[in-house]
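Below: the structure, in structure tokens.
Where a number appears in this text, it was derived from the coordinates with a stated rule and is not lab data. What you see is a predicted model, and the numbers here were worked out from it, not measured in a lab. Quick reminder, even Gly has a Cβ in these numbers, built from the backbone with ideal geometry, and neighbours come from all protein chains shown.
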Amino acid sequence: MSLPKAYTPKEYEDEIYGKWEKSGYFNPDNLDLPDDVPIFTISMPPPNATGQLHVGHTLGIALQDIMARYHRMRGDRTLWLPGVDHAAIATQNVVEKLLKKEGTSRHKIGREKFLRRVQEYVSQSKSTIENQTRKMGASCDWSRENYTMSPELSHAVHMQFKKMYDDGLIYRGERIVNWCPRCHSTLADDEVEHVEQKTKLYWIKYGPFILATTRPETKLGDTAVAVHPSDKRYKNMVGKKYQILGVLGKFEITVIADNAVDKNFGSGAVKVTPSHSFVDAEMAKKNNIPGKQIIDEDGLMMENCGKYAGMKTLEAREAIVKDMTIMGLIDHIDENYQHNLSICYRCQTPIEPLPSWQWFVAVDKEFKLKNKDLIKKFGKERATLKEISKWAVESGTIDIVPERFKKIYYQWMENLHDWCISRQIWFGHRVPVWYRGKKNDDEIYVGLEAPKRDGWIQDEDTLDTWFSSALWTWSTLLNKKDYQKYGRLEEWVEESPDLKNFHPTSVMETMHDIIFFWVARMIMMTLHAINQIPFKTVYLHGMVCDRHGKKMSKSKPETCIEPIAVSGKYGTDALRLSLIIGNTPGNPLRLSEQKIVSFRNFSNKLWNIGRFIEFNSEKNNFKEENEFETKTLADKWIMSKFNSLIAEATGDIDNYHFSHAGEKLYDFAWHALADWYIEIAKLQNDQNTHNLAHHVYVNLLKLLHPFTPFVTEKIYESFGAGKMLLIENWPIADDKKINSQAEQDFIIVQELIANIRLWKKDNRIGQNEIIKLQIAGADKIINSELSMINHLAKAEIKIISILAKSDFEVRNLKVSMVK
RNA sequence: GGGUUCGUAGCUCAGUUGGUUAGAGCGCCACGUUGACAUCGUGGAGGUCAGAGGUUCAAUUCCUCUCGGACCCACCA
């Protein structure tokens, strides 16, 4: 089979992927490996079930696929485990939008029907993202695919909830929570984003005080005024109660002293609304001040707000300011006050802090470790989630690449508060808790299934989507068969061979923006659940930006790279290379179509080197190692360069320097093999040279395969290899072939040729015009390479010992040229 | 307020423990199509390595500051 003139990826990629998948080699069980080979595991960060694959996914897939293919070729027992995330809020939002278009809503159709609708939607879009993942060349083991909402994983989620509850690490409590009135749910602290905003700062007359606030409407919920303990202005007032005139008449506040107050801001006195502010709630709690809730879960003013009841908070603010102005309660207003507004990371709606009953994970409460190795390394039998998670990284048990994210991780861990895990949305893992009687009753049952007796009602809430994702590395490896029979996690773990074989996973590769949402939570939860770290190394990639360095957005199609479209146009290999080369961990990458085009050109170059090799190799007689000798300087040079390349590329991949490895391979293929050795092969033009070229090229294909899997596999196939490149052996560098003398000598020849070409150009001599050349010195090298120089520089060479005119130097050579 | 990171050729970026003449890709300019490839080849132009100071025999590289971008955490009403 011979290769057509140009590489047309679109024609081959699906077919190649089909062959890989059909071979079963993505599954390490089918590779018949010796028992003692190293294990390499990557858990794929599950994309959202509703999502379309974007170029950020492609980068992740490319990086993970490089590692997976490399380790597979090294002969490691390699498992790359794929899956999909149910993405609770995100998915529910999408389906709610669909319902809205149809003129209905989740409340109209009810919980059961809504969830069925979500399920239908997910099963459809799930296969979309799976197929897009295939399109990107992911060599993951689809036979082990998981879904965070599968019955098995749900069972694991419930089990872990119960385990944490039994250990006292999960509790229910009334707290101020971040509430998104649009999502109608709580949010975790890190699901809240802050945006700078200009707003009005109202200076209001407040009994004996004048104080500044951005939210006058919360005055209806005030129960205190706080001042700094050392503030002399208010010293005598602390502890006293005052009657304050408000828009609904007089109300009482207590003056409290708290260090959280800044003496220098405003008047140094701050009104305290414990039910609608985190800071205020904390101050109130310390001083035993009650709260008064005035805003409900829809973001509306509550019944206790008199004529403002039912208004949205912003409406109420306007109305109240208007009334206060009439009453003479406004001192003055600063128009352009800059502050940070808290918004929902999903829908950008301003969040409303509210008091609410929720489930929390206690991060500062000790639990008992069971794993003896872990206890030994950690040094204690008891740990809090915070302590042990911090230790895992500090001790080097888990490594983070790039290093600087360790600091970010520590900082986050140190400031961590209890994690609110209950959500008021419908799609997700239902909290496995049942109540008898009213919800707030003392009688609570936490278990894997509903209690048998009557009268129990399940908690309405679902779990934060990251709760299930936090279990991902190990819940996906649990034994799926008869999972329901397991009542205890230890038992289930014990009977799960995959978990024993493949966990802890080797590398977690993901984008740095979810280090807290996901990476940190996996570390915490896995250390508690199974007393293991979830992974040994975390590799964090940065955001893929457009060519202006801005976040890509579908609303800007001119700079937004759509991976599926681009893959069809230039090939997946080109797209992957453009994401890998020039990229460093943790840093943003600017991607443009132009860059992808240049790597499409490289795919084609590689292809055409293949065509040349194919024409000239021993026809239909492919052997793993064609026989050849390393005879000429060029032979020695290319073998030396190539064996260095093997060593360097291998080292780079081992050290997560994927860009370096890719660049070196690109450079070797184009500027060593194609530009020089192939050209020389045309001159030497004997079977030995062609066999040597064949050898170098075939092994280069192996090195390139993790980076550009499709084109390399296709060429390899057409070369008539019986085996897929996918499972070929990774080349090993032969130090004996590394020959620095040959490399130095060859550089002299290269420079000589380049200088002759330049001289011809400077003297307006046609490139194909033959010139006469006299060279003095270094006879040994030159003599043996005469024919090469003659052809590549179009010259007739004489070696002499006297210098003529038009001189220049190449190292220690003296050269003169005449037309 | 605390912290991180970047500033190298027109553009995107390398530069591996400080050491000759600072590199690549793309773009640009000139020339070149005899069967691997025009998705190509050959050659070229282009940088006071953001600025200032310091350490050193030697600084793009280490330290300090300034200017200019990006980001994270915390959050002041």
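In vacuo Debye scattering of chain A, one point per C-alpha: log10 I(q)/I(0) at q = 0.10 Å⁻¹? Those come out to -1.10, one per q.
Using unit Cβ charges (K, R positive; D, E negative) and no other charged atoms, how large, in debye to the nearest 20, is the dipole of the range A:299-359 about its Cα centre? Intermediate results must be reported in sequence, preceding the final value.
On the way: 5 positive and 8 negative charges, 52 e Å.
Computed charge dipole of the range A:299-359: roughly 260 debye.
Across every pair of different alpha-carbon atoms, what Kirkwood hydrodynamic radius in Å does the range A:118-226 reach? One over the average 1/r among Cα pairs gives 20.2 Å for the range A:118-226.
DSSP finds beta bridges in chain A, and of those with both partners inside it, around 70 percent are antiparallel.
Among the listed pairs A:Lys10/A:Lys723; A:Lys135/A:Lys569; A:Lys372/A:Lys480; A:Lys241/A:Lys307; A:Lys250/A:Lys307, those with a Cα-Cα distance over 18 Å are A:Lys10/A:Lys723; A:Lys372/A:Lys480; A:Lys241/A:Lys307.
Could you sort A:196-207, A:41-52 so that the peptide with the highest average Cβ count within 10 Å comes first and the rest follow in order?
Working: A:196-207: 16.1, A:41-52: 23.2.
Packing order, densest peptide first, comes out as A:41-52, A:196-207.
Here the range A:511-665 is assigned +1 on the Cβ of each Lys and Arg and -1 on the Cβ of each Asp and Glu. Its dipole about the Cα centre then comes out at about 660 debye.
Amide H to amide H distances under 5 Å link A:Phe367 with A:Ala383, A:Thr384, where only residues 5 or more positions off or on other chains count and H is placed in the peptide plane. Rounded to the nearest Hz, the phi-derived 3J(HN,Hα) couplings of the range A:326-340 under the Karplus curve 6.51 cos²θ - 1.76 cosθ + 1.60 (θ = phi - 60°) are 4, 7, x, 8, 8, 7, 7, 10, 7, 7, 10, 8, 8, 8, 9, where x marks glycine and proline.
Can you sort A:Asp323, A:Asp29, A:Asp280 so the residue with the fewest Cβ neighbours within 10 Å comes first?
Numbers: A:Asp323 17, A:Asp29 14, A:Asp280 27.
Ranked by crowding around the Cβ, least crowded first: A:Asp29, A:Asp323, A:Asp280.
Applying the Karplus relation 6.51 cos²θ - 1.76 cosθ + 1.60 with θ = phi - 60° to the range A:402-419 yields 3J(HN,Hα) values of x, 3, 4, 6, 4, 5, 4, 5, 4, 4, 5, 4, 5, 8, 5, 9, 4, 9 Hz, where x marks Gly and Pro.
Relative to the dominant Cα principal axis of chain A, helix A:633-654 is inclined by about 10°. Going from the residue with the fewest nearby Cβ atoms within 10 Å to the one with the most, A:His671, A:His528 rank A:His671, A:His528.
Across the options A:Gln243, A:Leu211, A:Gly221, the greatest Cα extent toward the positive end of the charge dipole of the range A:196-250 (unit charges at beta carbon of Lys, Arg, Asp, Glu) belongs to A:Gln243. In this structure the amide hydrogen of A:Thr630, modeled in the peptide plane, comes within under 5 Å of no amide hydrogen from residues 5 or more places off or on another chain.
Annotation: the antiparallel percentage among DSSP beta bridges lying fully within the range A:207-275 is about 70.
Output the peptides A:448-459, A:466-477 sorted from most to least packed, where packing is the average of other Cβ atoms within 10 Å over each peptide's residues.
Working: A:448-459: 11.8, A:466-477: 26.2.
Highest to lowest by the protection proxy: A:466-477, A:448-459.
Each part reduced to its alpha carbon centroid, the range A:647-723 and the range A:345-364 end up 54 Å apart.
For the range A:68-82, putting each phi into the Karplus relation 6.51 cos²θ - 1.76 cosθ + 1.60 with θ = phi - 60° gives couplings of 5, 5, 4, 5, 4, 5, 5, x, 6, 6, 10, 10, 10, 9, x Hz, in residue order, rounded to whole numbers and with x for Gly and Pro.
Per residue of chain A, the DSSP helices (runs of n ≥ 4 H) give a summed -39500 (n - 2.57) that works out to -12500 deg cm²/dmol at 222 nm. Roughly what angle does helix A:593-616 make with the longest principal axis of chain A, taking Cα atoms, 0 to 90 degrees, to the nearest 10? The answer is roughly 30 degrees.
Assuming R0 = 51 Å, what is the FRET efficiency of A:Asp399 and A:Gln741, from their Cβ-Cβ distance, to the nearest 0.05?
Working: r = 40 Å, r/R0 = 0.78.
For A:Asp399 and A:Gln741, the calculated efficiency is 0.80.
Each of A:Ser603, A:Ser640, A:Ser598 was scored by other Cβ atoms within 10 Å of its Cβ. Arranged with the fewest first, they read A:Ser598, A:Ser640, A:Ser603.
Please work out the FRET efficiency for the pair A:Gln458 and A:Asp482, using the Cβ-Cβ distance as r and a Förster radius of 22 Å; give the result to the nearest 0.05. Walk me through the numbers on the way to the answer.
Values: r = 25 Å, r/R0 = 1.11.
The pair A:Gln458/A:Asp482 has a calculated efficiency of 0.35.
Set the bar at 28 Å for Cα to Cα. Now go through A:Lys108/A:Lys292; A:Lys286/A:Lys368; A:Lys365/A:Lys481; A:Lys200/A:Lys312; A:Lys163/A:Lys377 and name every pair that lies beyond it. As for pairs spanning more than 28 Å Cα to Cα, those are A:Lys108/A:Lys292; A:Lys286/A:Lys368; A:Lys365/A:Lys481. Between the amide H of A:Ala795 and those of A:Ile771, distances stay under 5 Å, these residues lying 5 or more places away or on another chain, with hydrogens modeled in the peptide plane. For the range A:245-312, the Cα gyration tensor yields ellipsoid semi-axes of 24, 14, 12 Å (square root of five times each eigenvalue, largest first, whole Å).
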